[in-house]
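The values are calculated or read from the model by the stated rules, or taken from the named source; none is laboratory data. Since this is a predicted model, take the numbers as computed values, not measurements. A quick note on method: Cβ atoms are made from the backbone with ideal geometry, for glycine too, and the neighbour counts reach across all protein chains shown.
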Amino acid sequence: MSDAGFVSASTIAAPASAMDYVRLMKPRVMSLVVFTAFVGMIAAPAAMNPVAAACAVLAVALGSGAAGALNMWYDADIDAKMARTVSRPVPAGLIRPDEARSFGLIMSALSVTLMALAATPLAAVLLAFSIFFYAVVYTMWLKRSTAQNIVIGGAAGAFPPVIGWAAATGDVSIDAWLLFGLIFLWTPPHFWALSLWTSKEYARVGVPMLPVTRGAAETRRQILVYTLIVTPFALLPLATGLGGAIYGVVAVLGGAAFIWNAFRVFFSRAGDADAPADIGRAKAMFGVSIFYLFALFAALLVERVLPLHFPLTGGA
């Protein structure tokens, strides 16, 4: 288990602020989780009561924050040794490890209870499972044991649109699982682009990210492979009617940009110690990957809300 109790009471200079607890919940990650869950809810073929929908979205936000807090509690030992994470509330001594753990557990219970009351039992079960998967399966097991940690662990971040769909309909259809698959396949090239310039830190704390165990060249190859898988996969919602003309344009143009950047990374030496200038391509890939996923889900949202959903097939 993580040596998360290394922060002693003497290192807590003052009571934690509200913003410290906000940071404990990983708000940037939470924003993407909430957005994709909301799109899943809106894209589902059933309308929710606005108050119930707002409560369901809040439940997803609380669940995401709970998972983030539990992740920070358990990973406090390695976070304290990495420049990218050393200023997080627990390693920085702003929040005690036991307080972070308790906060995460309480938030988990609140989020699942709220989802069960506001939406459907299936949505509550899926939310509970996603929290468990991220906090236990990924954080406590996969992250420190296998180079495939982000591949398998990516399932945790892929559940939000399925949860949103289940909240609206009470079941899960093939379209919901297409949204799951989209995020699941997108996660490896997205995160491995980041890991190319943080691999030294992961190596120092013993986390077997792909660049650490297989090297930068293999990581660049895997980024290209997964990009060439996820971009055609992103076109499948056109076949089922989930995505319409606007989604199709975004998927094609965004996919082309994603593939172009993946090839730029593949033909570079990003991540190699003697080629620091090439790391800019990995950073560009990371940025493009975020925009790509956001644009796909934004297109689905625009099509349903305006509404401008014009299916290219006979799907609904």
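One line per residue, one yes/no per condition, for (1) more than 19 Å from Phe129 (Cβ to Cβ); (2) under 12 Å from the mean Cα position of the chain (by Cα); (3) crowded, with 24+ Cβ neighbours inside 10 Å:
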| residue | (1), (2), (3) |
| --- | --- |
| Met30 | no, yes, no |
| Gly40 | no, no, yes |
| Val51 | yes, no, no |
| Val60 | no, no, yes |
| Gly63 | no, no, yes |
| Ala69 | no, no, yes |
Boolean, Ala193 is surrounded by 21 or more Cβ atoms within 10 Å (Cβ to Cβ) and either small (Gly, Ala, Ser) or at pLDDT 95 or above (or both): yes
First in the stretch 77-103 and assigned by TED's automatic domain parsing to the domain that holds Met19, second anywhere and of a type in the set (Ser, Thr, Tyr) and part of a loop (DSSP other than H, G, I, E, B), Cβ under 6 Å, 6 or more apart: Asp77/Ser2; Asp79/Thr85
Within the stretch 7-26, considering residues that are at pLDDT 90 or above and not basic (Lys, Arg), the one surrounded by the most Cβ atoms within 10 Å (Cβ to Cβ): Leu24
Unique residue being in a helix (DSSP H, G or I) and either under 21 Å from the mean Cα position of the chain (by Cα) or β-branched (Val, Ile, Thr) (or both) when the list is Ala217, Ala193: Ala193
Go through the residues of the stretch 119-135 one by one and say whether even a single one is surrounded by fewer than 21 Cβ atoms within 10 Å (Cβ to Cβ), touching a Gly at 6+ places or on another chain (Cβ under 7 Å) and assigned by TED's automatic domain parsing to the domain that holds Leu62. yes
Determine whether Ala83 is modelled with pLDDT of 95 or more and in contact with a helix residue (DSSP H, G or I) (Cβ under 7 Å, 6 or more places away or on another chain). no
Residue list for the stretch 76-95, restricted to those being buried (at least 18 other Cβ atoms within 10 Å of the Cβ), among the charged types (D, E, K, R) and touching a Ser or Thr at 6+ places or on another chain (Cβ under 9 Å): Asp77, Asp79
